[in-house]
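Since every read-out is calculated from the coordinates, none of them should be taken as a lab result. As the structure is a computational prediction, the values presented were derived from the model and not from experiment. We place every Cβ from the backbone using ideal geometry, glycine too, and count neighbours over all the protein chains shown.
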Protein chains: 2
Amino acid sequence: MASNAYDTDLARNPANHQPLTPLVFLERAARVHPDHLAVVHGPLRRTYRDFHIRAKKLASALAKRGIGRGDTVSVMLANTPAMLECHYGVPMTGAVLNTLNTRLDAAIIAFSLDHAEARVVIVDREFSRVMKPALDAAKVKPLVVDYDDPEFAGPGERIGALDYEDFVAEGSEDFARAHPGDEWDAISLNYTSGTTGNPKGVVYHHRGASLLAVGNVVNCAMGKHPVYLWTLPMFHCNGWCFPWSISVVAGTHVCLRQVRASLMYDLMAAHGVTHLCGAPIVMSTLLNATDAERKPLAGTVQFFTAAAPPPESVLVAMKEAGFEVTHLYGLTETYGPSVINDWHRDWDALAVDRWGALKARQGVPYVGLDGLAVKDPATMEDLPADGTAMGEVMFRGNVVMKGYLKNKRATDEAFAGGWFHSGDLGVMHPDGYVQLKDRAKDIIISGGENISSIEVEDALYKHPAVAAVAVVAKPDEKWGETPCAFVELREGRTASPEDLIAWCRDRLAHFKCPRHVVFTEIPKTSTGKIQKYKLREMAREA
Amino acid sequence: MASNAYDTDLARNPANHQPLTPLVFLERAARVHPDHLAVVHGPLRRTYRDFHIRAKKLASALAKRGIGRGDTVSVMLANTPAMLECHYGVPMTGAVLNTLNTRLDAAIIAFSLDHAEARVVIVDREFSRVMKPALDAAKVKPLVVDYDDPEFAGPGERIGALDYEDFVAEGSEDFARAHPGDEWDAISLNYTSGTTGNPKGVVYHHRGASLLAVGNVVNCAMGKHPVYLWTLPMFHCNGWCFPWSISVVAGTHVCLRQVRASLMYDLMAAHGVTHLCGAPIVMSTLLNATDAERKPLAGTVQFFTAAAPPPESVLVAMKEAGFEVTHLYGLTETYGPSVINDWHRDWDALAVDRWGALKARQGVPYVGLDGLAVKDPATMEDLPADGTAMGEVMFRGNVVMKGYLKNKRATDEAFAGGWFHSGDLGVMHPDGYVQLKDRAKDIIISGGENISSIEVEDALYKHPAVAAVAVVAKPDEKWGETPCAFVELREGRTASPEDLIAWCRDRLAHFKCPRHVVFTEIPKTSTGKIQKYKLREMAREA
């Protein structure tokens, strides 16, 4: 484009252009609210002054050991103060934080450590049992640091060269960060829990982390000084970027090693928790708490959930229990949530079935995400916004990953045509709200017709005896595939396969109804996602 | 810096990198809340759908007339729907919005039009009296478009080639913007009301406008769907970027041509206004309203003020009238506010004098501003944060202007040493809060000692008879300069010059006390700032 007077002598300089990074949020909180409570963990209390000093000491200790720009620091930590410190201290050095899923097996962890070329590994003693063989199997030989959390009394040996507290003590609080020099620099690395093949390493950059951190504050309408309970694992998409968001508004992190009902209620009551996030399993845990476990809440607590849209009944029960639930959607590749079911005030007046239908939609782009579309991946054309034309949900904007580490092919595929291909199938409603119909690989093709497994699941969820359900394809000689339903029944309720199939026939086209129903516990990942690939194996034998 | 795996095959592409721009906020609001009320003006009501369509039509009409990247569109408009539309429609074409101060004279406007190389000028009929001679005097011959606001019944001829509504009607709502291609592209041009020499053209870019727009939402803790009353002129720093902020949270703009007490109360009551901004004069207008003019407010209204820190008495009166006042600080060069008196909860419990002293501080960086420091401009060293060492207040970050248009020397001076030099003198308190002591050019140097005019004003403000005061330097043969005070007395109160000088001597070092006191109406700019240069002229003769 031709240049003009506005392009002349008006270049970037340090006064008017600084790299976007979430690191400034902690620095600001420590300057503005140094005495505000930043971290609670058991009896431990840390102010923003202390939190910032510890993050700087960690950074300094890492730098003294030679860690710098582009190095990987892998951590195997629960939702603890150390995990929060790593979210700031590691990127302050220019290094990249790789949070490991605490429920993976040694082989996958060894793969990740090698792929990431981990130079330092910080391990919570609880997870040393799996980390020891992982480190033995890995080709890399990182510095191993033990984190021995006083709140963890269970078994587990120390396997490292030194203790986390000693390591932090090596550092100086005068550490002055020089990174990121560029907002496009990597800040973190999150491996997808690949259901087939090796996991892919999703790289986040400082720009996106900063924008999503502020995006959480704006989209979730978080005021000043929220109190945030850590029910979402921080190893999952960097806790949806909330370790950085909370600093934006100088809030309090309430740490939590385990999602147990009594502990959650105790902490909510003791600290006046205002916000928490989690998979549907966290809602179930809260709702299934006994009267003895429950504590009165100070006010309405905001609950942000992702994964499957919560059924009506759960939303109603949550409301009665004092929680306002907002449904978010995103993928590891989009920094966690980047889509929100942005609720219209007047929808509250709707009849309950219409209300439930609107609540079940994934929604619209976050403030911060530029584009969200349902496209035909072959032509990259938008599909009609009619609520029925099913296509691939695609994202575009600054809160989409930098790409997959050392995997150009997967990166190019994911970004083909200038949009991020989510692999999720959905529809666009006439009002611009997206609703997921299935994962691309979860769609069932029967007699040439597409069947959304979610549609079948929705029908079964309405049956009074059904507690949980997952529907997958079962190979079929005649039809190619047919739907197979795996069902958990409510305690004290009964239903036969025939009952459930008949129930579906009253509600769905016949070809969409399951041919097989299996009563079993449904396998889930550590983050509460149903493992459909395991169910597909089970369906072959059903 | 050496490159590494995180730099390899992980480049920017349209899927993961889009230019930051506030234009996306209107697009999102129109998609997500199309039926929400966006604009109120007299009987006019426009939804976000309508607002977006009209902005696109304006953009399309401009583009059809050849307006594109780097062209300047100057507007002389009150706080009207057209002014809001220009904040989106003009930059959608890649052009730059130049909002003219409606109270300037023809000669300065002619200078600005020529300097900006204005290609289109949109003129509210009310301001044609000054715009006609300005356009006659200017060398540029832009397309002139009349805006004949139905809410304006006063005198003023049409002076343009066509009417704004006809112009908008030329455009198509199918306009698809291709700008900005780069977030560093200019979005607007604001001339400073230079007190000496020609005004300087402050250039804003899309990146900064986007970040400050979101910054307002975060720093002012604005929830979803605020109702915003336009008491701050939109020609002033683009209304502190609130024309863009309100779209972030899908709020309602309540337009206002004139700051009159009865109208403000009527609109606040009728529309449930939640937020407004303005100079101290707006607070006085609200507080001096008669009982007949006042209307009950639905809830506490958030009031953001800049310029001089509000005196204790005003804050207390505002609180009683139902307003919560937050004190912001910034300059045209920092997109309006970029510093906030971020209030600590526990300060509310302090004794009233300590409370007032804390309220009088300008404060800490906005979330969005990276650096705020008090430096010695000669050495660029930070001064001690002791609340007394006076230095120049300096800014650094993404919400600092691109620079001054066609004025490399002034740009280089302003950014010397990698910080924006504000020209304001202040101190850094030990807790990191900045307090202004004076404009560099307002400092009084008496017998080689610096006297802060603000310090003398603060002492006089505490006198019960003083309604308003401004202190400037008066040339003095012996001392070089001495303080001269201009005072407005409260209605029904009296005080002699000697009384006030004695009052000061009880409170200040003697060399700081005014030698002369003049009772007069204090001249102010259109934005409510005291015109000290005029007072300095008057002081020479006092």
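Table for the structure above
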| item | result |
| --- | --- |
| Integer Hz, Karplus 6.51/-1.76/1.60 couplings in order for segment B:451-461, x for Gly and Pro | 10, 7, 4, 5, 5, 5, 4, 4, 5, 5, 4 |
| Proximal aspartates and glutamates relative to B:Lys437, as straight alpha-carbon distance under 12 Å, when same-chain residues fewer than 8 apart are discounted | B:Glu392, B:Asp424, B:Glu455, B:Glu457, B:Asp458 |
| In Å, descending, principal axis extents of the Cα set of segment B:443-541 | 38, 33, 21 |
| Under 5 Å, built H, 5+ apart or other chain: amide partners of B:His516 | B:Ala485 |
| For A:Phe519, inter-copy label distances in nm, listed shortest first [label point 7 Å out on the Cα-Cβ vector] | 9.6 |
| Point-charge dipole on Cβ atoms (K/R +1, D/E -1) for segment A:216-440, about Cα centre, debye to 20 | 780 debye |
| When segment A:399-466 is reduced to its Cα atoms, the Kirkwood hydrodynamic radius in Å | 14.6 Å |
| Segments A:473-483, A:100-110 sorted - mean Cβ within 10 Å per residue, highest first | A:100-110, A:473-483 |
| Positive-end extreme of charge dipole, segment B:191-316 - chosen from B:Val248, B:Pro296, B:Gly201 (charges on Cβ) | B:Gly201 |
| For segment B:299-409: Kirkwood Rh in Å [reciprocal of mean 1/r, alpha carbons] | 15.8 Å |
| All aspartates and glutamates inside 20 Å of B:Lys224 as judged from Cα atoms, apart from same-chain residues fewer than 8 positions distant | A:Glu324, A:Asp342, A:Asp346, A:Asp348, A:Asp370, A:Asp431, B:Glu27, B:Asp35, B:Asp50, B:Glu324 |
| Cα-based convex hull, segment A:216-440, per residue volume (Å³, whole number) | 128 Å³ |
| Mean Cα-pair separation over length for chain B, i.e. relative contact order, pairs under 8 Å, 6 or more apart, % | 10 percent |
| Two-decimal Rg to Rh for segment A:52-210 - Kirkwood Rh, Cα set | 0.95 |
| Per-residue average of Cβ from other chains inside 10 Å of B:32-44 | 2 |
| Dipole in debye (nearest 20) - segment B:443-541, about Cα centre, beta carbon charges: Lys, Arg +1; Asp, Glu -1 | 180 debye |
| 10 Å Cβ neighbours from other chains, averaged over peptide A:368-377 | 3 |
| Net charge of Cβ neighbours under 9 Å - reference B:Val466; Lys, Arg +1; Asp, Glu -1 | +2 |
| 11 Å beta-carbon shell around B:Phe152, net charge (K/R +1, D/E -1) | -3 |
| Local electrostatic count at A:Ala61 - Lys and Arg +1, Asp and Glu -1, tallied over other residues with Cβ under 15 Å | -2 |
| Using a 7 Å Cα-to-Cβ projection, B:Asn198 label spacings across copies, nm, ascending | 6.3 |
| q = 0.21 Å⁻¹: log10 I(q)/I(0) that the Debye formula gives for segment A:196-288, counting C-alpha atoms only | -1.07 |
| Restraint check, B:Lys200/B:Lys441; A:Lys462/A:Lys529; B:Lys132/B:Lys529, Cα-Cα greater than 24 Å | B:Lys132/B:Lys529 |
| Per-selection Kirkwood Rh - segment B:1-104 (Cα, Å, 1 d.p.) | 16.0 Å |
| Rg [Å, one decimal], Dmax [Å, integer] - the protein assembly as shown, C-alpha atoms | 31.1, 109 |
| Built amide H within the under 5 Å cut-off of B:Asp370, gap 5+ | B:Arg396, B:Gly397, B:Asn398, B:Val399 |
| As computed over segment B:128-271, the Cα convex hull volume per residue (Å³) | 192 Å³ |
| Nonlocal amide H pairs with A:Asp476, under 5 Å, H built at 1.01 Å | A:Glu481, A:Thr482 |
| Pairwise FRET efficiency - B:Glu537 versus B:Lys478, Cβ, R0 = 25 Å, nearest 0.05 | 0.70 |
| More than 15 angstrom apart: percent of Cα pairs within segment A:1-58 | 64 percent |
| Total charge dipole magnitude, chain A, about the Cα centre, Cβ charges on Lys, Arg, Asp, Glu only, Debye to nearest 20 | 640 debye |
| 0 to 90° range, to nearest 10: angle between helix B:532-541 axis and chain B longest Cα axis | 40 degrees |
| Normalised alpha carbon radius of gyration of chain A [divisor 2.2 N^0.38 Å] | 0.99 |
| Cysteines having no other Cys beta carbon under 4.7 Å from their own, within chain B | B:Cys86, B:Cys220, B:Cys237, B:Cys241, B:Cys255, B:Cys277, B:Cys484 |
| Label point 7 Å beyond Cα along the C-beta direction, distances from A:Lys478 to other copies (nm, shortest first) | 11.5 |
